[in-house]
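Some notes on the structure that comes next.
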Ligand SMILES: Nc1ncnc2c1ncn2[C@@H]1O[C@H](COP(=O)(O)OP(=O)(O)OP(=O)(O)O)[C@@H](O)[C@H]1O
Ligand SMILES: [Mg+2]
């Protein structure tokens, strides 16, 4: 375990080194104030971290986490039940598949009109988009569970709730985590968009505001902070998966 | 008490564009503590019969009773072992063995203890914390048996439990099944495709007809369970009898060896 953790850290460091080198080269080649070299950008980041970035980072993190939590809490149970209830699935699945490909991001102006310019419209927009991704994945995962797993637990006299607890939920967990990790990228992108359009808080706002002030150093510090938020969120999911699905790492 | 009484049992599956008549008026009795083997052509309804006895499938006609009680749903002390063993990959060996007890809300301390006992009974004591993916095929089969033992099952239904195993492991587990039956005295129905296995583990061997399945013949096998039975003249004779009966059912194509 600790060995794999060490290897992971090493992998991150190596990737970081390559990234910084490529960035340095790109900055040299482009030679524009819009792409500062890493040294100066990181210095700006360090300088701005506590006074300017951290408050906005916290606001952004809150919005993403709240949205993903709400979406998961509704979509995962709903998807699992649909996947295991053929009758309900026959009714709702067509609706889900009609709604899933809709580019929900176009609802942003509607949410802004209805919910104001605070946290609510941003959280709502991210929730809707993540909701459908998670719903479709958990439904498909629940549907794909081999009948023999269910049968053997039912033969022990398990109730429907016990079948969910002992079979359906654990069987679907790895797929749900994959969906969450993919959704985390989408969530941050939607967060950025929604924060740039309205309001005066969050990293998206900070980045666009700095751009307007032609403060490219500030702008880049904001970009780094948002990137770090994405990485932290991804790692959080990774850790949760490691903890909740230990069986997926044996026997291979 | 777990005598089984199946009377005129018919089961028809309603498929998407066809109906399959799987069992057509099958009658079968098992005395309490009797081990039988069930053999028959592929698709003749053997798995269907076990599911119906386990209470997981309702017969369209006829009746099934276990221990004198009509079967209407899963019964507390019936254990069903399917070909893929029905183990849950996300639970350790100990928790897989304890699953039946957990479902029946036995307190944690007691179920851990009973599951641990069952694991050592099948020789898996050291593997309590292993996941099924870390076990060999034979060990997984042992684990499925441990679950039945932990449940204190008095009726053990097995659907080709050893067919996925290699010949050596299979013989080893046939020995274990015999030993468990001898020491526990439960009623046992074993569905198998192997003639030798049927003769080794069935006090009576029930031969089914092609679909829709009914009992075509019953071979009495009183020597079953005696020391060294596998190497006796009687054993070979029973195997030959069985092979003839199966050939007459047109089942030979499906029966290995
Ligand atoms: N869930 C199901 N839906 C529809 N038809 C089914 C279903 N299960 C089984 N059948 C059909 O019922 C018949 C009997 O099936 P069953 O699985 O009981 O046979 P079996 O004797 O166990 O065969 P095998 O030896 O190959 O395991 C088969 O023809 C099969 O196609
Ligand atoms: Mg079968």
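See the values below:
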item: Residue order, fewest to most beta carbons within 10 Å, for B:46, A:122, A:143; result: A:143, B:46, A:122
item: Over segment A:7-136, volume per residue of the alpha carbon convex hull, in Å³; result: 192
item: Mean Cα-pair separation over length for chain A, i.e. relative contact order, pairs under 8 Å, 6 or more apart, %; result: 26
item: Tilt relative to chain A, helix A:169-197 - C-alpha long axis, 0 to 90 degrees, to 10; result: 30
item: For residues of A:154-164, the mean tally of beta carbons on other chains within 10 Å; result: 6
item: Segment A:1-44-segment B:153-209 distance, computed between alpha-carbon centres (Å); result: 63
item: Cα-based helix-to-principal-axis angle, B:108-121 vs chain B, degrees rounded to 10; result: 60
item: Highest average packing first - A:34-41, A:186-193, B:47-54, Cβ atoms within 10 Å; result: B:47-54, A:186-193, A:34-41
item: Beta bridges per DSSP with both ends in chain B, % antiparallel, nearest 5; result: 55
item: In Å, descending, principal axis extents of the Cα set of chain A; result: 68, 52, 30
item: Average other protein chain Cβ within 10 Å of Cβ, residues A:147-153; result: 6
item: Chain B - convex hull of the alpha-carbon atoms, volume per residue in Å³; result: 132
item: Over chain B, relative contact order from alpha-carbon pairs under 8 Å, at least 6 apart, %; result: 26
item: Distance between segment B:114-152 and segment A:80-95 - C-alpha centres, whole angstrom; result: 36
item: Computed helical MRE - 222 nm, chain B, DSSP H runs ≥ 4 contributing -39500 (n - 2.57), nearest 500; result: -10000 deg cm²/dmol
item: Nearest-ten-degree value, helix B:167-184 long axis tilted from longest Cα axis of chain B; result: 80
item: Calculated log₁₀ intensity ratio I(q)/I(0) where the Debye formula runs over C-alpha points of segment A:59-149, q = 0.13, 0.25 Å⁻¹; result: -0.49, -1.18
item: The protein assembly as shown - convex hull of alpha carbons, volume per residue in Å³; result: 203
item: Shielding score for A:238-249, defined as the mean number of other chain Cβ atoms within 10 Å; result: 2
item: Residue-averaged [θ]222 nm for chain A, counting only DSSP H segments that reach four residues, each worth -39500 (n - 2.57); result: -27000 deg cm²/dmol
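Quick note: the coordinates plus some simple rules give every number you see, no bench work behind them. Just so it is clear, the model here is predicted, and its values are computed rather than measured. Backbone-built Cβ (ideal geometry, glycine too); neighbour counts: all protein chains shown.
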